[in-house]
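First comes the structure, then the notes that go with it.
None of the figures in this text is laboratory data; all of them are computed from the coordinates on show. Small disclaimer: the values here were computed from a predicted structure and weren't measured. No Cβ is skipped: glycine too gets one built from the backbone with ideal geometry, and neighbour counts run over all protein chains shown.
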Amino acid sequence: MPPEFTRTNPTKTAFRQSFGQIRFYRADPSPEADGRSLRRERFRERNAHGDHKTSFSLSGGTGKNSPGKKPEKKRSKDTEFMKYQTEAYIITHDSPSQADVKGERINIPVHSFEVNGGANRKINVHSTDEISISSEFEQARTHKNIIFYIPPTRDFLAVKLLSLRTPTTIRYFDMRLIVNVYSGGIKTQSLRLGADSAWFSKIPIPVGNTPPLLMAEVHFHSAELLHGKFDRKRRKMVHETM
């Protein structure tokens, strides 16, 4: 403060009348006072230019690791996001009319699926959640059908599927649709829809464009729905009927 503003200055009363209670300080010419003034001036300059390393928070401390605020922990991408992996396959039965046609397992890459007569929604297996999946599985068990939308492949998958349903023949197969849920790279849950002696109600046809998806509608008399959960003590998946 300027030296003329001291506690004994006669203008003190005039300032109080004009501006209310104002505190006045006597100038201190000692070297210690000059050092304190210099330190205060440097502190103001650092704050003005953003060079200070200490930031004050309303939690009662300074910085990120202050006593009033817990240190922030970095969350890995694996723990922050849930990942889903879909596995679908059918196991064909031996042909009753052709002895040389044996049953085989056919893996089916599924882009999406829906239920005819259900909630009228299509579940994309790459962007969904376990609640939507389990709800659609329940609809499939109730209405006894499920429709697969299959992307193009290079292993003649469409030819194999078309051979199971022709205008004159119907071949039966066992169907499994499994959705695994991963968290932090570990499989924590799974939903499984299974049906034996299922069949294609219609000849699979391509739908849409760029690229077209093969639509295959599967019907069955009954289906089993299982929910699996990772048991940390037993270190394996434990399934129960839903």
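A few comments on the model shown:
- Cα gyration tensor category, rounded, prolate or oblate, for the stretch 113-153 with a/c compared to 1.5: oblate
- Pairwise label distance in nanometres, Arg154 with Lys122, each label 7 Å out on the Cα-Cβ vector: 2.5
- Stretching the chain fully between Arg44 and Met82 yields a gain of 8.9 nm (0.36 nm per residue, less the alpha carbon separation).
- Once the convex hull of all Cα atoms in the stretch 179-242 is built, its volume per residue stands at 117 Å³.
- Cα shape, the stretch 91-231, gyration tensor, a/c 1.5 rule: prolate
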